[in-house]
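A short worksheet on the structure shown next.
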Amino acid sequence: MIVLGIETSCDETAAAVVCDGREVLSNIVYSQVRLHRPYGGVVPEIASRNHLEKLPGVIASAMAAAFGESEADPVRESWWRELDAVAVTYGPGLASSLIVGLSAAKGLAWRINRPLIGINHIQAHIQSVFLDNGTVAVTDCFPLLALVVSGGHSALIEMDEPLAYRIIGQTLDDASGEAFDKAAKLLGLGYPGGPVIDAVAREASGSCAPGFPRGRTQAGNPALGGLDADLCFSFSGLKTSLSHYLRDNPPQSDATVADVAAAYQEAVVDALIERCETALSRSCYKVLAVGGGVSLNSRLRERLTATAADAGVELLLAHPRFCGDNAAMIAGLAGAGGGIKGPAAFVLDVAPSLEADVQSDYRCDITAI
Ligand code: KG4
Ligand code: ZN
């Protein structure tokens, strides 16, 4: 099954072609980060306008990379004939960004007479660990514990079998990527914060090591919504604690900035590792799968390797090109059988607050067609 994936949930305009949910034939990502950098974060209006402008070219590039260019075929019928379906992110994300990809995918699928598949972005981040990773037999990976860590999400998700998602923990406020982005802003390191904190922290000497909180949550907090406090995260206090520290101890040198960044990174990573260890100690998982932009963090990767080894589970990390937002994971999940299909897909609306485990419960009014 050959699927064209489209992803526009935030500030990456992406398209990819994936065969049978695993083999990536092309993967094109146009990152808008340069446009949002002056504002220190994603500006929804700028993001949606750029998706609109760039998406047609990004789709054409993904198709050309997968199937080659054909001068003699100006409407590119030969490309579209290769496809079995079009998959697209319908949530979660920025409404004004999601709508560009979803509308384009609906129009294209309709025009080329192929099924449309609506994909949950968080579930796709989990699927990214299986992309271009032919050595792993997916059916041998369950029960699986997934950690999704990105700019918009931080969640622990349990899967007893493929495509069955249960959230067992999540952040009650900021996502881990947001915690990095906000810290980098406070430290004057620019945007996005994760990569720069990761790089700067490697220069730390350890001579100044402020103690930051580990983002624990209290049982009884109504925001838990029935989840176990020991499996949930809270990163907003950590950011406040950094801001107070910097107010009282303004760094006098790059070396001190590096030390503070390293201590902060360790606090975020510790929080993520601690919850993973708790979850791994409670159930018998075969695999710990980690996806999302923050899974690029070198210190997190190092610590996850040790955690998985101690727990006796296999660690599956997405390949770095599939960690950040991309469309290969969208086409991959569709090719693996995930997503909303049939007439329901054509009446999907964007779902900015879509939960990671919502798919199986999703109800769609197909009488509206
Ligand atoms: O998955 P992603 O591309 O987009 C969302 O779905 O949000 O994740 C983006 C996030 C940003 O917050 C960025 O700072 C963070 O991933 N990130 C990192 C690293 N590279 C990207 N965080 C920590 N260390 C990194 N090396
Ligand atoms: Zn993402």
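The values are calculated or read from the model by the stated rules, or taken from the named source; none is laboratory data. None of these values were measured; they are calculated from a predicted model. Ideal geometry is used to build each Cβ from the backbone, glycine not excepted, and the neighbour counts take in all protein chains shown. Calculation scope for accessible area: heavy atoms of the full protein, side chains included, ligands and nucleic acids excluded. Shrake-Rupley method; radii C 1.70, N 1.55, O 1.52, S 1.80 Å.
Residues in region 102-126 that are closer than 30 Å to ARG76 by Cα and within 16 Å of ligand 1 (Cβ to nearest atom): ILE119, ASN120, HIS121, ALA124.
What are the residues in region 329-343 that are away from ligand 1 (no atom under 13 Å from the Cβ) and not in a loop (DSSP other than H, G, I, E, B), if any? Within region 329-343, ALA331, GLY332, LEU333, ALA334, GLY335, ILE340, PRO343 qualify. Restricting attention to region 104-124, the residues that are within 24 Å of GLY151 (Cα to Cα), assigned to a helix (DSSP H, G or I) and out of contact with any strand residue (DSSP E or B) (no Cβ under 6 Å at 6 or more places or on another chain) total 2. Taken over region 185-205, the residue count meeting the criterion of being open to solvent by less than 50 Å² (accessible area, probe 1.4 Å), away from ligand 2 (no atom under 16 Å from the Cβ) and in a loop (DSSP other than H, G, I, E, B) is 5. If you filter region 276-300 down to residues that are within 16 Å of ligand 2 (Cβ to nearest atom) and either in a loop (DSSP other than H, G, I, E, B) or open to solvent by less than 20 Å² (accessible area, probe 1.4 Å) (or both), you find that the one that is nearest to GLU178 (Cα to Cα) is VAL294. LEU52 satisfies every condition listed in (1) within 16 Å of ligand 1 (Cβ to nearest atom); (2) at negative phi except (1).
Could you pull out the residue among PRO251, PRO222, PRO210 that is within 18 Å of ILE167 (Cα to Cα) and either out of contact with any Asp or Glu (no Cβ under 7 Å at 6 or more places or on another chain) or of a type in the set (D, E, K, R) (or both)?
PRO222
Within region 163-183, is there a residue that is of a type in the set (S, T, N, Q), at pLDDT 95 or above and either assigned to a helix (DSSP H, G or I) or surrounded by fewer than 15 Cβ atoms within 10 Å (Cβ to Cβ) (or both)? Scanning region 163-183 turns up at least one residue that is of a type in the set (S, T, N, Q), at pLDDT 95 or above and either assigned to a helix (DSSP H, G or I) or surrounded by fewer than 15 Cβ atoms within 10 Å (Cβ to Cβ) (or both).
Could you tell me whether region 148-161 includes any residue that is more than 16 Å from ligand 2 (Cβ to nearest atom), over 18 Å from the mean Cα position of the chain (by Cα) and farther than 17 Å from SER353 by Cα? Yes, region 148-161 contains a residue that is more than 16 Å from ligand 2 (Cβ to nearest atom), over 18 Å from the mean Cα position of the chain (by Cα) and farther than 17 Å from SER353 by Cα.
In region 59-94, what count of residues is obtained for those that are within 16 Å of ligand 1 (Cβ to nearest atom) and of a type in the set (A, V, I, L, M, F, W, C)?
2
In the set (1) open to solvent by 20 Å² or more (accessible area, probe 1.4 Å); (2) touching a residue at least 60 places away in the same chain (Cβ under 8 Å); (3) within 13 Å of ligand 1 (Cβ to nearest atom); (4) not aromatic (Phe, Trp, Tyr), the condition left unmet by PRO320 is number (2).
In the set GLY177, GLY211, only one residue is within 16 Å of ligand 2 (Cβ to nearest atom), of a type in the set (Gly, Ala, Ser) and either within 24 Å of the chain's Cα centre (by Cα) or not assigned by TED's automatic domain parsing to the domain that holds ASN120 (or both); that residue is GLY177. Among the residues of region 23-36, those that are over 18 Å from PHE67 (Cβ atoms) and under 18 Å from the mean Cα position of the chain (by Cα) comprise VAL29, TYR30, SER31, GLN32, VAL33.
Scoring ALA336 on the criteria (1) more than 16 Å from ligand 2 (Cβ to nearest atom); (2) assigned by TED's automatic domain parsing to the domain that holds LEU102; (3) open to solvent by less than 20 Å² (accessible area, probe 1.4 Å); (4) hydrophobic (A, V, I, L, M, F, W, C) leaves a single failure, condition (3).
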